[in-house]
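To start, the structure itself, in structure tokens.
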Amino acid sequence: MGIADFAAYDISRDYYENFERGPRFKGSFPDLESLKKEELDFFGNRLAFPFGIPAGLLLNSRWVSFYARMGFPLLVYKTVRTVEHPSHPYPNCLFVKTGMLDPFKLPDVLLAPSGYEPPSLREVTITNSFGMPSMKPDWWQEDMERAKNSLPEGYVLVGSGVGTYAGSREKLVGDFVDVSVMLREVGVAAVILNFSCPNVEGSEGLIYTDYELSAEIVSGVKKAVPDVPLFVKVGFLYGKALEGFVKAVAPYVEGIAGINSIQAKVVKEDGSPALGAGREKSGVCGWAIGECARLFTVELSRIRKEMKADFLIMSCGGVTDRESFAGLKECGADVVLSCTGAMFNPLLASEIRG
Ligand SMILES: Cc1cc2nc3c(=O)[nH]c(=O)nc-3n(C[C@H](O)[C@H](O)[C@H](O)COP(=O)(O)O)c2cc1C
């Protein structure tokens, strides 16, 4: 048995099979009452501990309920849209062979050799490529309601939405507003707008690099749903680029989430695209992007202090064990999340809270 065999998400199957049959788990569930508490007021909701899962792994309400039972208090349902949208075909996740990425010298090309497994759970690094699939809104609204109602006290459901590009900037802004209104109808504790998917073509994936468009979207959403705590999710930025983004969106948001996976060309040993033709570039996440996530969080925390702002920092990237969780907290994160780490080790929350 290898590392992949113990994962809740089965990387040898496609998104739809995982959606219908997952999560996989054979062990026993922790006693939630015995896990360490470090309570936080999350916009009027009690959060038992500042840890959870970012958008991606929680494909539907079964996944949300499962990870709540595993002791992850903040649960972000996978990004949804106002229209049904298919997933990229199999493969969706592959192990990547790399050392820790240097945030100042990010590689253009990374290797995903066939049959490769990482040396340990701590060093688990993958590329993922889904293209932000979504069910129809009436389906996901009902399912999110189910997810929310399954949560114990101290556990919180957050929604993540993305606008679908349909030919113009105005329509994209309008679609972000519509998806936020739909998420509000579910009664999620906060809405995170995904401005940063490395696995979609063009404008949907790189919104965070366009400050003007980012500000236009958040101001539109804030006007439409002023009572919902609003976050934006960004890719890796630091220094002046991060500062410019934060200044543009800070007047309209209650929090900033990041980082998303780091985009690279992922190839097999023979140089051919690991995910197949047409999907040369994809997002890399897990252990190897930990240093990027720490730098992002330190910088975001410095900028918040300099601006005398009080937005919440929700950090993820490379959290696979207690040390990497503590590392992001020390960098200034208010809440820490883990996607790849939690995918391969569903016991991660009970280890961190043990
Ligand atoms: C399987 C998978 C699916 C993901 N899907 C989404 C998504 O739908 N929306 C989003 O904002 N981020 C998505 N992400 C990115 C994660 O939320 C996170 O930003 C990134 O993986 C870095 O964290 P990690 O190193 O803990 O995995 C996904 C990541 C993975 C591994």
query = From the backbone phi of the stretch 94-102, what are the Karplus-calculated ³J(HN,Hα) couplings (6.51 cos²θ - 1.76 cosθ + 1.60, θ = phi - 60°) in whole Hz, Gly and Pro given as x?
reply = 9, 5, 10, 9, 7, x, 5, 6, 8
request  = Run down the aspartates and glutamates and flag those whose C-alpha is under 19 Å from the C-alpha of Lys37, throwing out any fewer than 8 positions away in its chain.
outcome  = Glu153, Asp321, Glu323, Glu330, Asp334, Glu351
task = In Å and from the alpha-carbon atoms only, list the Rg and Dmax of the chain.
result = 18.5, 53
ask   = How many nm separate the modelled label positions at Glu254 and Arg46, each set 7 Å beyond the Cα in the direction of the Cβ?
value = 1.8 nm
ask   = Tally Lys/Arg at +1 and Asp/Glu at -1 over every other residue whose Cβ is under 14 Å from the Cβ of Gly244; what's the total?
value = -3
Cα-centre dipole for the stretch 178-334 with unit charges at Cβ (Lys and Arg positive, Asp and Glu negative), debye to 20 = 240 debye
task = Please list 305-311, 173-179, 127-133 highest first by mean number of surrounding beta-carbon atoms within 10 Å per residue.
result = 127-133, 173-179, 305-311
task = Using the Karplus curve 6.51 cos²θ - 1.76 cosθ + 1.60 with θ = phi - 60°, work out ³J(HN,Hα) for each residue of the stretch 317-329 in order, rounded to whole Hz, and write x for Gly and Pro.
result = x, x, 7, 10, 7, 4, 5, 5, 4, 4, x, 5, 4
note = Residue by residue through the stretch 214-224, the couplings from Karplus 6.51 cos²θ - 1.76 cosθ + 1.60 with θ = phi - 60°, in Hz, x for Gly and Pro, are 4, 5, 4, 5, 5, 5, x, 5, 4, 5, 6
query = Just how large is the dipole of the chain about the Cα centre, in debye to the nearest 20, putting +1 at every Lys and Arg Cβ and -1 at every Asp and Glu Cβ?
reply = 240 debye
task = Pull up all non-local amide H partners of Ile192: gap of 5 or more, or a different chain, and H-to-H distance under 5 Å with H placed in the peptide plane.
result = Gly159, Ser160, Gly161, Phe231
key: Share of carbon and sulfur in the accessible heavy-atom surface of the chain [1.4 Å probe, %]   = 52 percent
key: Peptides ranked, highest mean first, by Cβ atoms within 10 Å: ranges 148-158, 256-266   = 256-266, 148-158
inquiry  = As a test of the definition: which semi-axes, in Å, follow for the stretch 69-133 when you take the square root of five times each eigenvalue of its alpha carbon gyration tensor? Largest first, please.
reply    = 26, 18, 14
key: q = 0.17, 0.20 Å⁻¹: log10 I(q)/I(0) that the Debye formula gives for the stretch 146-297, counting C-alpha atoms only   = -1.03, -1.25
request  = Rounding to the nearest 20 debye, state how big the charge dipole of the stretch 98-211 is about its Cα centre with +1 on each Lys and Arg Cβ and -1 on each Asp and Glu Cβ.
outcome  = 120 debye
request  = Pairs to check: Lys222/Lys281; Lys148/Lys308; Lys136/Lys171; Lys97/Lys136. Give those whose C-alpha atoms are more than 26 Å from each other in this structure.
outcome  = Lys222/Lys281; Lys148/Lys308; Lys97/Lys136
ask   = Out of Val191, Gly27, Ser282, whose Cα points farthest toward the positive end of the dipole of the chain (charges: +1 Lys, Arg; -1 Asp, Glu; placed on Cβ)?
value = Gly27
query = In whole angstrom, how far apart do the alpha carbon centroids of the stretch 68-86 and the stretch 111-177 sit?
reply = 6 Å
5 Å-binned pair-distance histogram of the stretch 27-120 (Cα, whole percent) = 2, 9, 13, 13, 16, 16, 15, 11, 3, 0
ask   = For the cross-link pairs Lys78/Lys329; Lys233/Lys265; Lys36/Lys240; Lys78/Lys265, which exceed 27 Å when the distance is taken from alpha carbon to alpha carbon?
value = Lys36/Lys240
ask   = Which of the peptides 13-19, 163-169 is most tightly packed, and how do the rest follow, judged by the mean count of other Cβ atoms within 10 Å per residue?
value = 13-19, 163-169
task = Would you calculate, for the chain, the mean residue ellipticity at 222 nm contributed by helices, counting each DSSP H stretch of 4 or more residues as -39,500 (n - 2.57) and dividing by all residues, to the nearest 500?
result = -9500 deg cm²/dmol
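The values are calculated or read from the model by the stated rules, or taken from the named source; none is laboratory data. Bear in mind the structure is a predicted one, so any value in this text is a computation, not a measurement. Virtual Cβ from ideal backbone geometry, glycine too; neighbours counted across all protein chains shown. Only protein heavy atoms, including side chains, enter the accessible area calculation; ligands, DNA and RNA are left aside. Shrake-Rupley method; radii C 1.70, N 1.55, O 1.52, S 1.80 Å.
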